[in-house]
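The values are calculated or read from the model by the stated rules, or taken from the named source; none is laboratory data. This one's a predicted model, so the numbers in the text were calculated from it and none came from an experiment. Cβ coordinates were reconstructed from backbone atoms using ideal geometry, including for glycine residues, and neighbour counts include every protein chain displayed.
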């Protein structure tokens, strides 16, 4: 099976052209093995490009635990660059069907701007009587945190802290991800306010652990920052893998701009994973 390794701000992906490639079934089992950094190719997530009846392309996203998820902002930038540079479309603005809805990335020179859609503050991804959760105090393990919940097609818990790099993320991240108030698990962003136009963050992704960046997470951060009256509506999110420019615009859509890069290409013998 042919694949391409790509990354968006350090969030790395194995990209498979599912339009030309017949995937082995059940693919979730193979995805887990392909994503393994010691015995497979290694990645945060696997992106499968597919045909769509309602958009230009479809995108299926598999975490490195084999689970399928709704959306990935860094991944969709990689998909956009892939289909454009591989001659699969002549459009500079494309529509991509995901489990989280239709997402629209636009090629802008070396960077890609993505219309991430409208954020939701009222979903079934968390168990609260008051569905709108902004700066709410909860207990996680033995500590207390103030959280703001935002869905960008997938669930995010934004936590403002003094310094995200003082946290033992490998210890605290799983407690957030698997907390009883999140029946579908949750992605968590630990955020430090730098000024009205900049924040710094670390990301714990459900099913993947700590990643160097998260596009939907950066989108959730700008929404949470505005709701908590901390930043302007257009900010720079500094992540371990690099920076993303994110704006919660007046039309209520979140727009994220960043790079997408090719790393290498190769083939893998799927029979080795049997």
Looking for something at pLDDT 95 or above and surrounded by 18 or more Cβ atoms within 10 Å (Cβ to Cβ) - is there at least one such residue anywhere in segment 260-269?
yes
If you go through segment 239-259, how many residues are surrounded by fewer than 17 Cβ atoms within 10 Å (Cβ to Cβ), free of Cβ contacts under 8 Å to residues at least 40 places away in the same chain and farther than 17 Å from residue 78 by Cα?
3
Selection from segment 33-61 of residues that are out of contact with any strand residue (DSSP E or B) (no Cβ under 7 Å at 6 or more places or on another chain) and under 16 Å from residue 12 (Cβ atoms):
36, 37, 38, 40, 42
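Here is a yes/no grid of residues against (1) more than 18 Å from the chain's Cα centre (by Cα); (2) touching a residue at least 12 places away in the same chain (Cβ under 8 Å); (3) surrounded by 15 or more Cβ atoms within 10 Å (Cβ to Cβ):
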| position | (1), (2), (3) |
| --- | --- |
| 9 | no, yes, yes |
| 39 | yes, no, no |
| 43 | no, yes, yes |
| 50 | yes, yes, yes |
| 71 | no, yes, yes |
Please work out which one of (1) in a loop (DSSP other than H, G, I, E, B); (2) more than 20 Å from the chain's Cα centre (by Cα) is the condition residue 171 fails and give its number.
(1)
How many of the residues in segment 201-227 are within 18 Å of residue 163 (Cα to Cα) and surrounded by fewer than 19 Cβ atoms within 10 Å (Cβ to Cβ)?
2
Extreme residue, farthest from residue 239 (Cα to Cα), among residues of segment 19-31 that are crowded, with 18+ Cβ neighbours inside 10 Å and out of contact with any helix residue (DSSP H, G or I) (no Cβ under 9 Å at 6 or more places or on another chain):
27
Of the numbered conditions (1) in the same structural domain as residue 159 (by TED's automatic domain parsing); (2) modelled with pLDDT under 95, residue 131 satisfies every one except a single condition; which is it?
(1)
For residues that are in a helix (DSSP H, G or I) and crowded, with 17+ Cβ neighbours inside 10 Å, tally how many sit in segment 140-168.
1
Cross-chain or 6+ apart pairs with Cβ under 6 Å, segment 115-135 first and in a loop (DSSP other than H, G, I, E, B), then modelled with pLDDT under 85 and surrounded by fewer than 16 Cβ atoms within 10 Å (Cβ to Cβ)
122/131
Just to confirm my filter: which strands (runs of 3 or more DSSP E) fall fully inside segment 25-103 and include at least 1 residues that are at pLDDT 95 or above, under 16 Å from residue 3 (Cα atoms) and not assigned by TED's automatic domain parsing to the domain that holds residue 210?
45-50, 57-63
Some residue of segment 77-87 being in contact (Cβ under 8 Å) with a residue 24 or more places away in the chain, under 21 Å from residue 10 (Cβ atoms) and in contact with a helix residue (DSSP H, G or I) (Cβ under 9 Å, 6 or more places away or on another chain):
yes
Return yes or no: is residue 199 touching a strand residue (DSSP E or B) at 6+ places or on another chain (Cβ under 8 Å) and outside any strand (DSSP E or B)?
no
May I ask you to list pairs of residues, at least six apart or on different chains, whose Cβ atoms are under 8 Å apart, with the first in segment 94-111 being at positive phi and the second being modelled with pLDDT under 95?
101/71; 101/117; 101/153
